[in-house]
Amino acid sequence: MKTARSESLFERSKRSIPGGVNSPVRAFRSVGGVPRFIRRGDGSRIVDEDGNSYIDYVGSWGPLLLGHRFPDVIEALRGVLETGTSFGAPTEGEVELAELIREAVPSMEMTRLVNSGTEATMSALRAARGFTGRDLTIKFEGCYHGHVDSLLVKAGSGMATLAITDTVGVPAAFAATTIALPFNSISAVEEAFARHGHQIAAVIIEPIAGNMGCVPPLAGYLQALRDITARHGALLIFDEVMTGFRVAFGGAQSIHGIRPDLSTFGKVIGGGLPIAAYGGRADIMSRIAPAGPIYQAGTLSGNPMAVAAGLAMLRHLKAHPEIYAQLEARAAALCANPPAGVTVNRAGSMFTLFFTGGPVTGWDTAKESDTARYAKFFHWMLEHGVYLAPSQFEAAFLSASHSEEDIAHTAGAMRAFFEQT
Ligand SMILES: *Cc1c(COP(=O)(O)O)cnc(C)c1O
């Protein structure tokens, strides 16, 4: 496989961009080798600068539920180019997007649009603190909520990949507002509330974790969080930046039948453009400026390009609910019969092959994985035209554009790896 152009671009990039990339996991640090510079994408496929074609299971890390260059999204973007790309004034599309989100996710009584998942969780946390008048937050080990100062404690995604538990640059006083507990443990949450209950503003969780690899909640866990937070006057925040509109049109909260107080969305709601949202109970969201005293703002918030792409995406999903059944069936086929020593966790179209005997129910068990073997697997798949996340601790994403042939090719390459190693 030729990589000359990616190699030279990476060398050049490292001179002007830290580590050569604009987000850490892209650099292939934990698997080694040269990151592929991508030239274009179509449907389930991406092509790199050396002309190599791959079946893509990264999907821009989640947003591309309908694949690359989905026609409705491209068409919507063309329309915006005719009218203007940013006004810094309200537009009809923003209202339509907020209404569509509420229709899909009834707990989202009111929505504020922002530009990234990080901004959404940061703002949701501020709303929770402003509303409750309390400062502490409970989060879970291995969950990632963007690079918000106080949430970078025992975080997943790139922090897990690079084995960083606390980052330089976060004041100790900010980190001290966070209580990090093991995912899927109800007793840990009960103990924390017993000690600090009157100071805890919110519990924030990925209701189906995706950033330590895919780790679904155990039966009763999310309901227990709902009950405990309600009992102590703390808010429950579902970070559905990854799961929203992916695991179901109504997100993880619709699957598990839980109504959080606040939620965050991102990724799929932008159809591949930078947008995210936070929202929830109207009595809480009515406290956000200018309606209330909790300040949050954004020059490009509700950007017309991003809103149009997101609307096109969500309208298509609403009109084609069968997409979720197809994703479920194809992802299940791909995840069937893992070999000994491999644990497959899956929630709809997001899944992870953990190189450990398992079960994997949280960060303690996820980190038992043989990451060196994952690196071999990753490179084997890449050589066979399959682009997976360059880290054991990420989810793979199937899109509606992945065909039966794509699945068969991928499953064949996996089988060959496990037969030979
Ligand atoms: C990706 C992600 C974020 C951060 O979103 P960005 O747009 O990368 O800032 C937050 N929470 C979860 C659950 C995510 O998967």
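The values are calculated or read from the model by the stated rules, or taken from the named source; none is laboratory data. Keep in mind it's a predicted model, so treat the numbers as computed, not measured. Here Cβ is always computed from backbone atoms with ideal geometry, including for glycine, and neighbour counts include all displayed protein chains. Only protein heavy atoms, including side chains, enter the accessible area calculation; ligands, DNA and RNA are left aside. Shrake-Rupley method; radii C 1.70, N 1.55, O 1.52, S 1.80 Å.
Descriptive notes on the structure:
- Spans of helices (runs of 4 or more DSSP H) in region 135-207 with at least 3 residues within 19 Å of residue 29 (Cβ to Cβ): 158-161
Residues are listed down the side, and each one gets a yes or a no for (1) modelled with pLDDT of 90 or more; (2) in contact with a strand residue (DSSP E or B) (Cβ under 6 Å, 6 or more places away or on another chain); (3) not assigned by TED's automatic domain parsing to the domain that holds residue 247:
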position: 133; (1), (2), (3): yes, no, no
position: 136; (1), (2), (3): yes, yes, no
position: 154; (1), (2), (3): no, yes, no
position: 167; (1), (2), (3): no, no, no
position: 183; (1), (2), (3): yes, yes, no
position: 193; (1), (2), (3): yes, no, no
position: 198; (1), (2), (3): yes, no, no
position: 219; (1), (2), (3): yes, no, no
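So that you can scan it fast, the table gives a plain yes or no per residue for (1) over 17 Å from the mean Cα position of the chain (by Cα); (2) hydroxyl-bearing (Ser, Thr, Tyr); (3) open to solvent by 40 Å² or more (accessible area, probe 1.4 Å):
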{"residue": "117", "(1), (2), (3)": "no, no, no"}
{"residue": "122", "(1), (2), (3)": "no, no, yes"}
{"residue": "125", "(1), (2), (3)": "yes, no, no"}
{"residue": "144", "(1), (2), (3)": "no, yes, yes"}
{"residue": "149", "(1), (2), (3)": "yes, no, yes"}
{"residue": "154", "(1), (2), (3)": "no, no, yes"}
{"residue": "158", "(1), (2), (3)": "no, no, no"}
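- Criterion (among the β-branched types (Val, Ile, Thr) and open to solvent by 50 Å² or more (accessible area, probe 1.4 Å)) met by exactly one of 371, 352: 371
- No other residue among 201, 175 is surrounded by 12 or more Cβ atoms within 10 Å (Cβ to Cβ) and under 17 Å from residue 225 (Cα atoms) apart from 201.
- Of all residues in region 238-262, those satisfying the criterion of being farther than 30 Å from residue 42 by Cβ and either part of a helix (DSSP H, G or I) or within 11 Å of the ligand (Cβ to nearest atom) (or both) are 238, 239, 253, 254, 255, 256.
- Of all residues in region 52-62, those that are part of a helix (DSSP H, G or I) and open to solvent by less than 20 Å² (accessible area, probe 1.4 Å) total 1.
- Among the residues of region 6-26, the ones that are open to solvent by 70 Å² or more (accessible area, probe 1.4 Å), in contact (Cβ under 8 Å) with a residue 12 or more places away in the chain and under 26 Å from the mean Cα position of the chain (by Cα) come to 2 in all.
- Residue pairs meeting the criteria (Cβ under 6 Å; at least 6 apart or on separate chains; first of a type in the set (Phe, Trp, Tyr), in region 136-154; second within 14 Å of the ligand (Cβ to nearest atom)): 140/183; 140/205; 144/155; 144/156; 144/157; 144/211
- Among all positions in region 306-313, there is no residue which is in a helix (DSSP H, G or I), touching a His at 6+ places or on another chain (Cβ under 9 Å), among the hydrophobic types (A, V, I, L, M, F, W, C) and open to solvent by less than 40 Å² (accessible area, probe 1.4 Å).
Residues are listed down the side, and each one gets a yes or a no for (1) among the small types (Gly, Ala, Ser); (2) buried (at least 19 other Cβ atoms within 10 Å of the Cβ); (3) touching a residue at least 40 places away in the same chain (Cβ under 8 Å):
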site: 4; (1), (2), (3): yes, no, yes
site: 28; (1), (2), (3): no, yes, yes
site: 46; (1), (2), (3): no, yes, yes
site: 50; (1), (2), (3): no, no, yes
site: 64; (1), (2), (3): no, yes, yes
site: 71; (1), (2), (3): no, no, no
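- For residue 301, the stated conditions hold: it is crowded, with 19+ Cβ neighbours inside 10 Å and more than 15 Å from residue 72 (Cα to Cα).
- Residues in region 275-298 that are of a type outside the set (A, V, I, L, M, F, W, C) and open to solvent by less than 10 Å² (accessible area, probe 1.4 Å): 278, 279, 280.
- Yes/no for residue 357 being open to solvent by less than 40 Å² (accessible area, probe 1.4 Å) and assigned by TED's automatic domain parsing to the domain that holds residue 23: no
- Among the residues making up region 30-44, those that are open to solvent by 30 Å² or more (accessible area, probe 1.4 Å) and either touching a residue at least 60 places away in the same chain (Cβ under 8 Å) or among the hydroxyl-bearing types (Ser, Thr, Tyr) (or both) are 30, 33.
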